[in-house]
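Colleague: Mind looking over this structure? Questions follow.
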Amino acid sequence: MKIIIVVGARPNFMKAAPLVFAVRDHNNRVEPVDMIRCILVHTGQHYDEAMSGSFFSDLRLPQPDIQLGVGSGSHATQTAEIMRRFEDVVLQEHPDVVVVVGDVNSTVACALVASKMSLDSKGTRPLIAHVEAGLRSFDRDMPEEVNRIVTDHVSDLLFVTEQSGVINLLHEGVARSQIHFVGNTMIDSLLASKDRADESRILQSLGLRNQNGARNCSNGTARYALLTLHRPSNVDDRETFVSILEGLEELCDLYPIVFPVHPRTRKRISEFQLECLLRGIRLVDPLGYLDFLCLMKHAMLVVTDSGGIQEETTCLGIPCLTVRENTERPVTVSQGSNVIAGTDKDRIRVAVKEQLNTRREGSLPEKWDGFAATRIVAALVAALAKRQSVLV
Ligand code: UD1
């Protein structure tokens, strides 16, 4: 059995790493004939050390077997270039399964390629497995929402992280037998790395540990908030970006805010000349996985427009405020520590106060237990055995 696992952009690495390790565990348990050959393909959608390279060492993920080196471009150019280059890989490798994760352009591009592939005279194509299937924001202006819908509808095996995903897929007519509620591989990575994150020196280097003179210290660590923003709808529109920053002004007066800045956001800050609005905020370059995890673990509040961070804060029990009008991850609100604040400055101010004053007692969503990847590998093995018995 040969599987290709595709990664491309920053949020893919932590979702794919547990799959690589679960395949390794499988191979350690079975006879050679039942081993899985795993090929890791990196599309190069994200390409520099800060957005890609450092994640491989932090997650202990082996270097990719194949690099497509696609780089930046418009959505159409990037997606098309990934498709063109990935087609050659599939033709050369003849995988039994192509696994794609998340909702980025690399996800949809590689799923589409595999869905139209014919690898033998019978027209057999690889099975397509989508990890993190079924999530819906119901906002088609988000490029990721389009990627999710298309990927789900060309995939054979849909691995779902929360119950809402099962419901969404059933509503869209996906067969029950294709849907597997397995838990969350991003949380597998988090649980595996949580303790190692304490080795990070990021708090000291940012002066957030009291030996370096931090303010408002408790247990040696300063009280601070953590901010991330990169969604095109938030940072590509000046008015929205300004509204979010104004909504955080009072928080900024109370506590230090650390803001690791995504490359897209960095460009917009200078283009829109927002430096004066950011005067009280500590801007840093994008951080590695363990440094960011360490900052999240010790933050009193996380403000974000990221999808994955809503899940990670839920798992860590850290209050999270999402500056979007919706979330495709409703379990983080119904059960976790997340609040949807929108992008209006007044709503954000109120939500910040509420999150600071009331401690939400969240709980861990079902199956977010560190074993999602193990369940996925077991399901892949079973699906291939079934397919082979049909073909014979
Ligand atoms: C992509 C994903 C988004 C995900 C985000 C996490 C899509 C449609 N979007 O958005 O779902 O949440 O990644 O980061 O796939 N850049 C660098 N260095 C890099 C990578 C990118 O400087 O290593 C620059 C690019 O040149 C570009 C900008 O960052 O100007 C945005 O990159 P892009 O791949 O277009 O999408 P993201 O906004 O990162």
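Colleague: Take the Cα atoms of the chain, build their convex hull, and give its volume per residue in Å³.
Modeller: It is 134 Å³ per residue.
Colleague: Setting aside same-chain residues fewer than 8 positions from Lys345, which lysines have a Cα under 18 Å from its Cα?
Modeller: Lys353
Colleague: Distance between Cα centroids, the range 120-162 to the range 325-343: provide it in whole Å.
Modeller: 22 Å
Colleague: Then there is this: Please work out the FRET efficiency for the pair Lys122 and Leu191, using the Cβ-Cβ distance as r and a Förster radius of 35 Å; give the result to the nearest 0.05.
Modeller: Plugging the Cβ-Cβ distance into 1/(1 + (r/R0)^6) gives 0.25.
Colleague: Now for a separate question. Tell me the per residue accessible area of the range 202-357 using a 1.4 Å probe; a whole number in Å² is fine.
Modeller: Value for the range 202-357: 39 Å² per residue.
Colleague: What does the charge add up to near Cys38, with Lys and Arg as +1, Asp and Glu as -1, over the other residues with Cβ less than 13 Å from its Cβ?
Modeller: -1
Colleague: Taking 0.36 nm per residue of separation and subtracting the Cα-Cα distance, what length does fully extending Gln178 through Asp198 add?
Modeller: Here the segment from Gln178 to Asp198 would lengthen by 3.3 nm.
Colleague: First select every other residue whose beta carbon is under 10 angstrom from the beta carbon of Leu206; then total the charges, Lys and Arg +1, Asp and Glu -1.
Modeller: +2
Colleague: Further question on the same structure: With springs connecting C-alpha atoms under 10 Å apart, model the chain as a Gaussian network and identify which of Leu356, Leu295, Leu316 has the largest mean-square fluctuation.
Modeller: Highest fluctuation among the options: Leu356.
Colleague: So for the range 79-143, Kirkwood radius off the Cα pairs, Stokes-Einstein at 25 °C and 0.890 mPa s: how many µm² s⁻¹?
Modeller: Diffusion coefficient, whole number: 194 µm²/s.
Colleague: Whenever you get a sec, compute what percent of the accessible area on the range 36-77 sits on carbon and sulfur atoms (1.4 Å probe).
Modeller: Solvent-exposed carbon and sulfur of the range 36-77 make up 52 percent of the total.
Colleague: Once fully extended, how much extra length lies between Leu274 and Ala379, figured as 0.36 nm per residue of separation less the alpha-carbon to alpha-carbon distance?
Modeller: Between Leu274 and Ala379, full extension yields an extra 32.9 nm.
Colleague: I've got another one for you. How high is the relative contact order of the chain, given as a whole-number percent (alpha carbon pairs under 8 Å, six or more residues apart)?
Modeller: Value for the chain: 15 percent.
Colleague: Next up: Quick one: length gained pulling Ala50 to Glu31 fully straight, 0.36 nm per residue minus the C-alpha distance?
Modeller: Result: 2.9 nm gained on full extension.
Colleague: Relative to a virtual label point 7 Å from the Cα of Ser205 in the Cα→beta-carbon direction, which members of the range 276-313 show backbone nitrogen distances below 19 Å?
Modeller: Residues 282-299 fall inside that zone.
Colleague: Taking the Cα-to-Cβ direction at Ala80 and at Asp65 and moving 7 Å from each Cα, how far apart do the two end points lie in nm?
Modeller: 3.0 nm
Colleague: Then there is this: Using Cα positions and a limit of under 15 Å, work out the aspartates and glutamates in reach of Lys116, with same-chain residues fewer than 8 apart set aside.
Modeller: Hits, sequence-local ones excluded: Glu87, Asp88, Asp96, Asp152, Asp156.
The values are calculated or read from the model by the stated rules, or taken from the named source; none is laboratory data. The structure presented is a predicted model; accordingly, all values stated were derived computationally and were not measured. FYI the Cβ positions are ideal-geometry reconstructions off the backbone, even for glycines, and counts take in every protein chain you see. Just so you know, the surface numbers come from the protein's heavy atoms only, side chains and all, with ligands and any DNA or RNA stripped out. Shrake-Rupley method; radii C 1.70, N 1.55, O 1.52, S 1.80 Å.
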